[in-house]
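Worksheet: one structure, shown below.
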Amino acid sequence: MVGEGWIPQSVLQDIMRAPPDVVLLDLSLGEHSGLELLGEIHRRKLPSRVLVLSMLSQPRQVLGAVRMGAMRYVLKGSKGGEVIEALRSGVAGRHYWSAEIAAIATKALLPSAAPAATLSLGERQVLNLVVRGRTSASIAESLHLSVKTVETYRLRLMRKLGVTDITSLMRLAFKEGMLDAEDS
């Protein structure tokens, strides 16, 4: 059904004309996205159930498919028995996600730990002193560390927090309440 010159509208028309029980859909369809077709099937409340069979496993892609109505999602390369079970689930109207997809979706949907929870004691100490305007040399002296160790802590905490400069680090620290009360 899908090949060279595929036009999403023509595929949608085919599904609307003779709705299959289950549509087996890849999210990567050349120049087009299977999400377009998935969204239309869901939006039009068509009776066909969609099984996404894709190699796309990034949380953004998985959640996008789920938000657009995918109730079944299996990764390409899964064992044939798993694909058959997903198809049977589709025919029966049940949800089915492969173990890998379930883990990705769960991780993406759960609130992540507060940024401060990922910092070591040394990184937290350095953060508090950086925010107070202290230089690496001054921090090293206060914490009885080498300047190189302080710079390593600073780089690690910036990497963990996803910031690239001290100004962004300071903003994030204040916004997220990451500073120790006695040091702020």
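For all pairs of alpha-carbon atoms in segment 8-109, what percent lies in each bin of width 5 Å, listed from the first bin to the last filled one?
Histogram of Cα-Cα distances, whole percents per bin: 2, 14, 26, 25, 20, 10, 2, 0.
Give the Debye-formula value of log10 I(q)/I(0) at each listed q (0.10, 0.14, 0.17, 0.25 Å⁻¹), with one equal scatterer per alpha carbon of segment 68-160, two decimals each.
-0.52, -0.62, -0.74, -1.17
Just need the relative contact order of segment 36-184 here, percent rounded to a whole number, with Cα pairs under 8 Å and 6+ apart.
Values: 143 pairs, mean separation 26.9, N = 149.
Relative contact order for segment 36-184 comes out at 18 percent.
Over the Cα atoms of the chain, Rg to Rh with Kirkwood Rh, two decimal places? Don't skip to the end; give the middle numbers.
Details: Rg = 24.8 Å, Rh = 20.0 Å.
Value, to two decimals: 1.24.
Taking just the C-alpha trace of segment 111-174, give me its Rg and Dmax in Å.
In Å, with Rg to one decimal and Dmax whole: 11.2, 38.
Under the rule of at least 5 residues apart or a separate chain, name every residue whose amide H is placed under 5 Å from the amide H of residue 22.
49
Any read-out appearing in this document is the output of simple, stated calculations on the displayed coordinates, not a laboratory observation. Remember, it's a predicted structure, so these values are computed and weren't measured experimentally.
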